[in-house]
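Notes follow once the structure below has been shown.
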Amino acid sequence: MVKPAQVTAVKGFHDLLPDESARWRLLEAEAFEILSSYAFEEIRLPIAEKTELFARSIGDATDIVEKEMYTFTDRGGTSITLRPEATASVVRAALEHGLIAPDRERRLFYYGPMFRRERPQKGRFRQFYQIGAEVLGRDDPVVDAEIIVLLRDLLGRVGARGVTIELNSLGDGECRPAYRERLRSFAAVRRERLCDNCQRRLERNPLRILDCKEVRCVEAMAGAPLVLDHLCVPCRDHLATVRRLLDAAGVSATINPHIVRGLDYYCRTAFEITAAGLGSQNAVGGGGRYDELVAALGGPPVAGIGFAIGVERLAMVADALTARSPRPAVVVAPLADDAWATGLTVATALRAAGHRVELAAGRRSLRALMRQADRAGARHVLIIGADELAAGRGTVRDMERKADHPLSVDLGATGGEMAAQITRL
Ligand code: HAM
């Protein structure tokens, strides 16, 4: 018979094996604890949204919307997209459930998978996890500084090294249109030297040209006007205050006028955090202010700011966190069919008493069961063979010392008593 072929995971979608999952639990715990200490509340969002939500928020002319979204039409004819990010979803949900109003602050965080059909490489996946947070209803620069301090704290807590925080201002509805025209004119003169993508971006979204990694585009755009030099006074003041507050908080952030971000909803503050050990995909997290997004999605004029951290990347730089998936304390090994019921009762009683137990039943030899217990990494095996069953007392084998212990365990005892007898051996 022909052996059926194995099915493998979708390219760019990855599995997290048990030991890595254990590390992620530690990371999640650190992140949730910090977020909670900053008074963020968790929101759980669907992983799919109407496509229109992303087109209108992230922007039609971004790489994400143009070529990276997983979009399909469902059987009812609705165009649906697996979320490439969650800021748009937070705003959608906040509006839908009346969580925001112009004079009310709301702090929400989320955690979950995002989907972008990018070229997979180290630190870049097509399904990846983000921990993100959004503050809605605050337009003052204190909150910009506060969330950057939060990120600095989180990266410090998990042991990331070589952390850099880069900051820029993207201007606002007042100053950016004029800047965009200036940039467009600059790029238009150099059109022939730009890559095909950037030639297209020229009309629709010239700011994105500054983010292109193609050498020809970088060279062609050398000396391009920078938004930082064309900010209106309120935007300039805002940035200056953010910097002053970060200084006062002991955070060293450098200005990088080339940070334009890959999403169109930003205005004013934009930032990216990098850390050592990530190679070319070195942003662990990024974010910024989006004071016009809520209104653009049909809501009242409510300001917003937030960030997202890539959890795979955070795990790569979190040098302080080590963990293994926990091993069972006891393997219960009934050796014959008529010992199964007792094995199940004993395992259940031990579990109810709070112990981690593997029930290694099955028609297998004692040797095979011992091998299984060894692989599972258990310290003790409770053997229930015919003799043990008759006597009502199981035999305990200490796997570390590789010896059957002369003492045996009363199979009729409570889980707590049994566990005490086992671990006392
Ligand atoms: P973003 O910069 O697109 O921002 O993504 C944030 C982080 O997600 C990145 O810094 C990176 O760590 C991770 N990430 C992005 N794409 C991938 C990928 N293909 N593979 C692995 N990790 C990836 C946002 O998503 C905004 N929603 C952040 C935000 C929240 N801005 C305001 N509020």
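The values are calculated or read from the model by the stated rules, or taken from the named source; none is laboratory data. All figures in this text were calculated on a predicted structure; none of them were measured in a lab. All Cβ positions, glycine included, derive from the backbone under ideal geometry; neighbour counts span all protein chains shown. Accessible surface is based on the protein model in full, side chains and every heavy atom, while ligands, DNA and RNA are left aside. Shrake-Rupley method; radii C 1.70, N 1.55, O 1.52, S 1.80 Å.
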| query | Based on the alpha-carbon gyration tensor of the stretch 330-423 and its eigenvalue square roots a ≥ b ≥ c, which shape applies: rounded if a/c is under 1.5, prolate if not and a/b is larger than b/c, or oblate? | reply | rounded
| request: With a point put 7 Å past each Cα toward its Cβ, work out how far T78 is from K213 in nm, to one decimal. | output: 3.6
| remark: Expected unfolding gain across N197-R119 under the 0.36 nm per residue rule, minus the alpha-carbon gap, is 26.5 nm
| Where both residues lie in the stretch 330-423, what percent of DSSP beta bridges are antiparallel, nearest 5? | 55
| query | When we measure straight from the Cα of K67, which aspartates and glutamates land under 12 angstrom away, once same-chain ones fewer than 8 places off are left out? | reply | E118
| task | Set the Förster radius R0 to 30 Å, insert the Cβ-Cβ distance between R401 and R351 as r into 1/(1 + (r/R0)^6), and round the FRET efficiency to 0.05. | result | 0.75
| task | Quick one: grab the alpha carbon gyration tensor of the stretch 32-165, order the square roots of its eigenvalues as a ≥ b ≥ c, and give me rounded if a/c is under 1.5, else prolate or oblate depending on whether a/b is larger than b/c. | result | oblate
| field | Sites matching trypsin sites (Lys or Arg not before Pro) across the stretch 141-225 that sit in DSSP coil, with at most 13 neighbouring C-beta atoms within 10 Å | value | R161, K213
| query | In nm, what is the difference between 0.36 nm times the number of residues separating S365 and A386 and their Cα-Cα distance? | reply | 6.3 nm
| request: Would you please put 124-133, 320-329, 84-93 in order of how densely packed they are, using the mean number of other Cβ atoms within 10 angstrom per residue and starting with the highest? | output: 84-93, 124-133, 320-329
| request: Treat each spin label as a single point 7 Å out from the Cα along the C-beta direction, and report the V233 to A296 distance in nm. | output: 2.7
| Taking R0 as 51 Å, what's the FRET efficiency between N256 and H97 from their Cβ-Cβ distance, rounded to 0.05? | 0.90
| So what J values fall out for the stretch 325-337 if you push phi through Karplus, 6.51 cos²θ - 1.76 cosθ + 1.60 with θ = phi - 60°, rounded to Hz, Gly and Pro as x? | 4, x, 9, x, 6, 9, 9, 8, 10, x, 8, 10, 3
| message | Please compute the modelled spin-label separation between W340 and R324, points set 7 Å along Cα→Cβ, answer in nm with one decimal. | response | 3.2
| task | Calculate what fraction, in whole %, of the accessible area of the chain sits on carbon and sulfur atoms when a 1.4 Å probe is rolled over the protein chains. | result | 51
| field | Along each principal axis, Cα extent of the chain, largest first, Å | value | 91, 60, 43
